[in-house]
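Visitor: One structure follows; several queries about it will come next.
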Amino acid sequence: MEDESQINLHIAALSRWIFIVGMILLIYIPPFFHGRVNTSFIITNKSIIDIKNKPEADKSVEVTVKANDSQPSPVYGMKGERRLHPLIERAANRYEIDPALIKAIVLAESSYDSMAISKRGARGLMQLMPSTAEALGVEDSFNPEHNINGGVKYFKRLLNRYDGNIELALAAYNAGSGNVRKYNGIPPYKATRIYIAKVIGYYQYYKGEKPGNVESA
């Protein structure tokens, strides 16, 4: 049998190894789990953010989202919207249109980007074609006040033409009055129908209503 001094040496050596292994575990294991937990937390948060902040609108009238995605996520805090709200409200009140509807159109058309240009050449917040802007007396389509005044004026004409029917007015705004007349109603264009669904969804959001049909202003 080993004497007591040898046993004590073995115990001391074993204690040193246990101490070293413990230090290694202390150094490397916490960062490992910390990284795993943080990564999972970030991914989870990102998923939540992505779900709550879906793209609200394209920057042109060529809409590509599905009609059932027409409901927007909260957008009232958008910097552009807060800045443009007084202009929209003045123009809407001047032409006796619900400001919430004009805000919905602006959101669907340009996402509040005053410098937006579509593939077809429509410009500004309410995406006015150059010929339309000229006919409306709009001097600068990239000037928010000019564009909104012209766009609201034009949309009021369309509402009057279609006896206040918002959907027909939106169809004409998007696809042209000629196509509305040609098909005696909303044209069978997928982009136009999706566009109408988006604007109606945004309009109801701004009014604090649940999804549904809106027929007239």
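Coordinate-derived values only; no laboratory data. The shown structure was predicted, so the numbers you read here are calculated from the model rather than taken from an experiment. Don't worry about glycine lacking a Cβ; one is built from the backbone with ideal geometry, like all the others, and counts go over all protein chains shown.
Visitor: Decide, for the stretch 108-181, between rounded, prolate and oblate: order the square roots of the alpha carbon gyration tensor eigenvalues as a ≥ b ≥ c, take rounded if a/c falls under 1.5, and otherwise choose prolate if a/b is larger than b/c, else oblate.
Guide: prolate
Visitor: Can I ask one more? Amide H of Leu128 versus every other amide H placed in the peptide plane: which residues, excluding those fewer than 5 positions away on the same chain, fall under 5 Å?
Guide: Arg123
Visitor: If you don't mind, there's one more thing I want to ask. Quick one: 3J(HN,Hα) in Hz for the stretch 83-90, Karplus 6.51/-1.76/1.60 with θ = phi - 60°, rounded, Gly and Pro as x.
Guide: 5, 8, 3, x, 5, 5, 5, 5
Visitor: If you don't mind, there's one more thing I want to ask. Roughly speaking, what is the stretch gain from Asn160 to Ser131, that is 0.36 nm per residue apart minus the C-alpha to C-alpha distance, in nm to one decimal?
Guide: Between Asn160 and Ser131, full extension yields 8.4 nm more.
Visitor: Right, next: By its C-alpha gyration tensor, with a ≥ b ≥ c as the square roots of the eigenvalues, how is the stretch 67-207 shaped: rounded for a/c under 1.5, else prolate for a/b larger than b/c, else oblate?
Guide: Here the stretch 67-207 falls in the rounded category.
Visitor: I'd like the Karplus ³J(HN,Hα) series for the stretch 149-165: coefficients 6.51, -1.76, 1.60, θ = phi - 60°, whole numbers in Hz, and an x wherever there's a Gly or Pro.
Guide: With the stated coefficients, the stretch 149-165 comes to 4, x, x, 5, 4, 5, 5, 4, 4, 5, 4, 5, 5, 10, 6, x, 6 Hz.
Visitor: Next question. For a quick protection proxy, order the peptides 166-175, 115-124 by their average other-Cβ count within 10 Å, most packed first.
Guide: Packing order, densest peptide first, comes out as 166-175, 115-124.
Visitor: Go through 93-103, 181-191 and give me the packing order, highest mean Cβ count within 10 Å leading.
Guide: Output ranking for 93-103, 181-191: 93-103, 181-191.
Visitor: For the stretch 89-130 and the stretch 160-193, write down the distance between their C-alpha centroids in whole Å.
Guide: Taking the Cα centre of the stretch 160-193 as reference, the centre of the stretch 89-130 is 17 Å away.
Visitor: 7 Å from Cα along Cα→Cβ at both Asp113 and Asn184: what's the point-to-point distance in nm?
Guide: 4.0
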